[in-house]
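What follows is a set of notes on a single structure, which appears directly below.
The values are calculated or read from the model by the stated rules, or taken from the named source; none is laboratory data. None of the values given here were measured: they were computed from a predicted structure. Please note: Cβ atoms are built from the backbone with ideal geometry, for glycine as well, and neighbour counts cover all protein chains shown. These area figures cover heavy atoms from the full protein model, side chains too; ligands, DNA and RNA do not enter into them. Shrake-Rupley method; radii C 1.70, N 1.55, O 1.52, S 1.80 Å.
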Amino acid sequence: VQLQASGGGLVQPGDSLRLSCAASGRAFGPYPRAWFRQAPGKDREFVAVVGWIDSLTEYADSVKGRFTISGDNAKSTVFLQMDSLKPEDTAVYYCAGRQDHTLGTRAEEYVYWGVGTQVTVSS
């Protein structure tokens with residue numbers, strides 16, 4: 001089981017980025033998929049989660065209205081569209097998978113983790 005995240009980079013405030021995470025094996029099926037992030041010196045924090053069957057979503061308050069999570073079940077891939085980026089969004093972003101149907105927001109509930117991708121928002 002491997003997760004591979006991509007799409008990070010250096011952008012200016014107000015710009016957009018789209019992160020992708022592809023899974024091999026059964027990491028993303030048929031359970032919710034999530035994105036977390038970790039800024040230097042801070043704990044890993046929840047960003048967004050999407051259900052596998054019903055595509056229900058939840059977002060951290062800090063990203064609501066700016067980020068959109070979606071999934072492609074056929075390709076076992078999850079995306080994070082990030083718009084109106086702010087310097088405080090700077091972090092390493094991780095995708096994660098779990099083994100139950102709960103739209104959980106706690107990192108310890110997730111059992112599969114990808115290698116992170118760096119997002120830096122700076123002028």
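So which chymotrypsin sites (Phe, Trp or Tyr not before Pro) in the stretch 1-85 are both in a DSSP loop and have at most 15 other Cβ atoms within 10 Å of their Cβ?
Sites meeting the loop and neighbour criteria: none at all.
Would you kindly derive the ³J(HN,Hα) couplings of the stretch 39-49 from the backbone phi angles with the Karplus curve 6.51 cos²θ - 1.76 cosθ + 1.60 (θ = phi - 60°), listing them in order in whole Hz, with x for Gly and Pro?
Whole-Hz 3J(HN,Hα) from phi for the stretch 39-49: 8, x, x, 10, 6, 5, 10, 5, 10, 6, 9.
I need the phi-derived Karplus couplings for the stretch 111-122: 6.51 cos²θ - 1.76 cosθ + 1.60, θ = phi - 60°, integer Hz, Gly and Pro marked x.
Coupling constants for the stretch 111-122: 10, 10, 9, x, 5, x, 10, 7, 10, 10, 10, 7 Hz.
Could you list the trypsin sites (Lys or Arg not before Pro) in the stretch 29-85 that lie in coil according to DSSP, counting only those with at most 13 other Cβ atoms within 10 Å of their Cβ?
Lys42, Lys64, Lys75
Would you mind getting the accessible area per residue of the chain, heavy atoms of the protein chains only, 1.4 Å probe, in Å²?
Value returned for the chain: 51 Å² of accessible area per residue.
Got the relative contact order for the chain handy, in percent, Cα pairs under 8 Å and 6 or more residues apart? Could the numbers behind the result be given before it?
Details: 319 pairs, mean separation 44.5, N = 123.
Across the chain, relative contact order equals 36 percent.
Cross-link partners among lysines for Lys64, C-alpha distance below 24 Å, same-chain residues fewer than 8 apart left out?
Lys42, Lys86
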